[in-house]
Amino acid sequence: MMRGLMMDRPLMISHIIEYAAANFPDQEVVSRMPEGGIHRYTYPEAAARSRQLANALRKLGVEPGDRVATVAWNTYRHFEIYYATSGIGAVCHTINPRLPVDQFSYIVNHAQDKYVFVDLTFVPLLEKLQGLFEGVRGYVIMTDREHMPETSLPDAYCYEDLLAEQPSAFEWPEFDEQAASSLCYTSGTTGNPKGVMYSHRSTLLHAFSVLAIPGLGLNETCSLLPVVPMFHVNAWGVPYFAPMIGAKLVFPGPNLDGASLTELMNAEGVTEAWGVPTVWMGLLGHLRGSGERLDSLQRVLIGGSAAPRAMMAEFKSQHGVEALQGWGMTEMSPVGTVSLVRPKDQNLPEEKQLDIKVTQGRAMFGVEMKIVDGDGKRLPHDGKAFGELLVRGPAIISGYYENAEANAKSFDDEGWFRTGDVAKIDSEGYMEIVDRTKDVIKSGGEWISSIDLENEAVGHPEIAEAAVIAAYHPKWDERPLLVVVREAGSELDKAGVIEFLKTRVAKWWLPDDVVFVDELPHSATGKLQKAKLREEFKDYVLPEAKAS
Ligand code: AMP
């Protein structure tokens, strides 16, 4: 092979903040703070303070490779920690404060965090948990002297005091771009959370890829609001790619309710906001009730779970806001696909465009996708065949951090990562999630989508909520069991449900039984807990199985 003659310069996270400071010296970073009030400064100030923090971390004895945890909202201080920790070669380990206690302490100990940076809000939580942490040397409370609380946390420092002692001059080191930069644990339905360790290289390539998404067109005129938390997959990469293009960054702090978001968006001229469906449900509900308008917002990116069609339609028809759907995973840094309508289809009627936007969208450059059947054989991208979705790319996990057990199950023989999603892909590359592999019903070797069946069932005016799980069948192995919550006062029965579904799904997809319950189990974040439902119905026997 003949080698190219170009410089072998490493892709470093510290380059991003210094680039923004040098090229967008007047662009703002605005934060709503846990202490109350709005903070604003520019990229050069963010860079200077990140350098001060880098000096402070060195003084605290943080070495390359050490893990430094954060338990914090989206604010400028969290942003500085992202750059300072990774910049000196340490690892920024963001922790979701809503994790159950046992998972929280498990990940602090598994990651062997050396220091924990914590927002005021979460100091009481850490005071309760700190006895469970094995190797934490100290805590940095992310506030100033004036707001510094009395605390029982041992070795607690005040963030602003640490910075004030340090010069803003710091020479960012350069090292292997494959070095670990940040760490985020992802919780499955079973077992302990698994660590996803990003590198400088993967972080920059992910950011380049997002900025190159065809039709997304993010630039210096954008004002970007990541509502998605910085403890959830680096706020989907926003804190890295926004400075690269000199976009204004607006951090919402702890106030994620509809009224606060509306106020912040209008005050700061936010043009793009990224977040999960629950947040947008709150925002739309607030707008409906208050009659307030969104003055500047042009687009929302909805991801993390499926974007409801009605939500996307309401954004457009009531507020003139274009809603896009993004699909991804913690293991993918996280963006995989975005449902942007291609220029050739932008003259289609609104409903047809919505048909496109409710798919999970097309892959961004750097994300390869394949779907396979139960034997691992590739399926065609014809928009009809569906199977397990596998991905590969330079910003996609090659192995969980210190977790041989999970790694043994998560990759196929060609090294592709198993997403656990079941999907179809059409000839233009639009991918549509059909189910989770754990939830799909395997009937006589054929797959039935539990999500499709549920979506059809809730179309019945007397059905409030529906869940489909697999029930054992002596001949077909698994058959769908539909569990239904009726609307108040309804006397809908099994025959009525089946009659309704008959014209809507293939005959062999019809549930073998319909069971009525008062409520379905939900997680703290409102997600339907199928594992719990399966547990509740573990002794259930289908009528046909009983008869035989
Ligand atoms: P997490 O790593 O916690 O972000 O979860 C990733 C999983 O969330 C994916 O594997 C999907 O099952 C689900 N998910 C994320 N985005 C979407 C979406 N737009 N539509 C449907 N499911 C999604």
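The values are calculated or read from the model by the stated rules, or taken from the named source; none is laboratory data. Everything quoted here is computed from the prediction, not taken from an experiment. Note that we place each Cβ from the backbone using ideal geometry, even for glycine, and neighbour counts take in every protein chain shown.
Within segment 425-439, if we keep just the residues that are within 13 Å of the ligand (Cβ to nearest atom) and in a strand (DSSP E or B), the residue that is surrounded by the fewest Cβ atoms within 10 Å (Cβ to Cβ) turns out to be ARG436. On the stretch given as segment 445-461, residues that are within 10 Å of VAL434 (Cβ to Cβ) and crowded, with 19+ Cβ neighbours inside 10 Å total 4.
Here's a check for you: in segment 440-468, which residue that is assigned to a strand (DSSP E or B) and in contact with a helix residue (DSSP H, G or I) (Cβ under 8 Å, 6 or more places away or on another chain) is modelled with the lowest pLDDT?
Here the answer is GLU446.
Screening LEU528, LEU492, LEU542 for residues that are touching a His at 6+ places or on another chain (Cβ under 8 Å) and modelled with pLDDT under 90 leaves exactly one candidate, LEU528. A count restricted to segment 301-336 and to residues that are of a type in the set (S, T, N, Q) and more than 8 Å from the ligand (Cβ to nearest atom) stands at 3.
Every condition in (1) within 26 Å of GLY253 (Cβ to Cβ); (2) within 16 Å of the ligand (Cβ to nearest atom); (3) of a type outside the set (S, T, N, Q) holds for LEU354 except the one numbered (1).
Considering only residues that are in contact (Cβ under 8 Å) with a residue 24 or more places away in the chain and of a type in the set (Gly, Ala, Ser), look in segment 1-53 and name the one that is farthest from VAL238 (Cα to Cα). Per the criteria, the residue is ALA48.
Any residue in segment 513-524 that is of a type in the set (Val, Ile, Thr), under 24 Å from the mean Cα position of the chain (by Cα), in the same structural domain as GLU462 (by TED's automatic domain parsing) and not in a strand (DSSP E or B)?
No, segment 513-524 contains no residue that is of a type in the set (Val, Ile, Thr), under 24 Å from the mean Cα position of the chain (by Cα), in the same structural domain as GLU462 (by TED's automatic domain parsing) and not in a strand (DSSP E or B).
The numbered conditions (1) within 15 Å of the chain's Cα centre (by Cα); (2) more than 17 Å from PRO34 (Cβ to Cβ) are all true for GLY282 except (1).
Looking only at residues in segment 265-301 that are among the hydroxyl-bearing types (Ser, Thr, Tyr) and under 22 Å from TRP327 (Cα atoms), the one that is surrounded by the most Cβ atoms within 10 Å (Cβ to Cβ) is THR271. The residues in segment 501-531 that are aromatic (Phe, Trp, Tyr) and surrounded by fewer than 18 Cβ atoms within 10 Å (Cβ to Cβ) can be counted, and the count is 2.
If you go through segment 1-35 and keep only what is surrounded by 10 or more Cβ atoms within 10 Å (Cβ to Cβ) and part of a loop (DSSP other than H, G, I, E, B), you end up with PRO10, LEU11, MET12, PHE24, PRO25, GLN27, MET33, PRO34, GLU35. One residue stands out among those in segment 224-271 that are at negative phi and polar (S, T, N, Q): the one that is farthest from the ligand (Cβ to nearest atom), which is ASN266.
Go over the candidates ALA471, ALA408 one by one and state the one that is farther than 23 Å from GLY328 by Cβ, away from the ligand (no atom under 15 Å from the Cβ) and at pLDDT 95 or above. Can you show your working first?
Working: ALA471 fails: at pLDDT 95 or above.
Criteria check complete, one pass: ALA408.
Of all residue pairs spaced 6 or more apart or on separate chains, those with beta-carbon atoms under 7 Å, a first member in segment 423-438 that is outside the structural domain of GLY376 (by TED's automatic domain parsing) and a second member that is near the ligand (Cβ under 9 Å from one of its atoms) and in a loop (DSSP other than H, G, I, E, B) are MET431/GLN360; GLU432/GLN360; ILE433/ALA306; ILE433/GLN360.
Counting only strands (runs of 3 or more DSSP E) that sit completely within segment 273-345, those holding 1 or more residues that are of a type in the set (D, E, K, R) correspond to 299-303, 322-328. The set of residues in segment 107-121 that are touching a Lys or Arg at 6+ places or on another chain (Cβ under 7 Å) and either part of a loop (DSSP other than H, G, I, E, B) or without any contact (Cβ under 8 Å) to a residue 40 or more places away in the chain (or both) contains only GLN112. Taken together, THR85, THR75 contain a single residue that is at pLDDT 95 or above, surrounded by 21 or more Cβ atoms within 10 Å (Cβ to Cβ), in contact with a Phe, Trp or Tyr (Cβ under 6 Å, 6 or more places away or on another chain) and not aromatic (Phe, Trp, Tyr), which is THR75. Screening LEU218 with (1) aliphatic (A, V, I, L, M); (2) surrounded by fewer than 24 Cβ atoms within 10 Å (Cβ to Cβ); (3) farther than 23 Å from TRP280 by Cβ; (4) away from the ligand (no atom under 16 Å from the Cβ) gives one miss only, at (3). With respect to the conditions (1) within 27 Å of LYS357 (Cα to Cα); (2) part of a loop (DSSP other than H, G, I, E, B); (3) within 16 Å of the ligand (Cβ to nearest atom); (4) not hydrophobic (A, V, I, L, M, F, W, C), THR419 falls short on a single one, namely (2).
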